[in-house]
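Every number here is computed from the coordinates shown, using simple stated rules; none is lab data. Given the structure is predicted, the values throughout are model-derived calculations rather than measurements. Backbone-built Cβ (ideal geometry, glycine too); neighbour counts: all protein chains shown.
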Amino acid sequence: MSKTVIEITGMTCSHCEQSVAKELSGLSGVVSASADHATGTATVEATAVSEQELADAVEEAGYKAVGFQTLDA
Ligand SMILES: [Cu+2]
């Protein structure tokens with residue numbers, strides 16, 4: 001299991017957080033996902049997911065992933 005913090009631009013309220021978290025949660029391999037517009041980040045716990053898949057999901061929600069930090073858990 002790994003934890004990834006995604007830097008995201010464009011989130012301005014809790015609705016944005018929900019949209020991003022919902023798209024990320026829908027990816028196979030993702031166990032949990034949450035987003036925080038105040039810090040402009042989303043945190044994903046996953047068994048196996050690529051940065052490209054995460055970036056695509058963020059874009060699908062209408063925002064842009066600009067950075068990734070992976071923390072092994
Ligand atoms: Cu919003």
On a 0 to 90 degree scale, rounded to 10, what angle separates helix 14-25 from the longest Cα axis of the chain? 30
Go ahead and estimate [θ] at 222 nm for the chain from helices alone: -39,500 (n - 2.57) per DSSP H run with n ≥ 4, summed, over the residue count, rounded to 500. -9500 deg cm²/dmol
Expressed as a whole-number percentage, the relative contact order of segment 2-72 with C-alpha contacts under 8 angstrom and at least six residues apart is 46
Length gained if ASP56 through GLU7 is fully extended, taking 0.36 nm per residue and subtracting the Cα-Cα distance, is 16.3 nm
Can you work out the PRE-style zone for SER34? Point 7 Å along Cα to Cβ, and I want the residues of segment 40-73 with backbone N under 15 Å. 40-46
Could you please report the charge total around GLU60, scoring K, R as +1 and D, E as -1 over all other residues with beta-carbon less than 12 angstrom from its beta-carbon? -2
Does anything in segment 5-44 have its amide N under 16 Å from the 7 Å Cα→Cβ label point of LYS64, and if so which residues? 7-12, 40-41
Let me make sure I get this right: for segment 20-73, a, b and c are the square roots of the gyration tensor eigenvalues over alpha carbons, sorted descending. Under 1.5 in a/c it's rounded, otherwise prolate if a/b > b/c, else oblate. Which is it? rounded
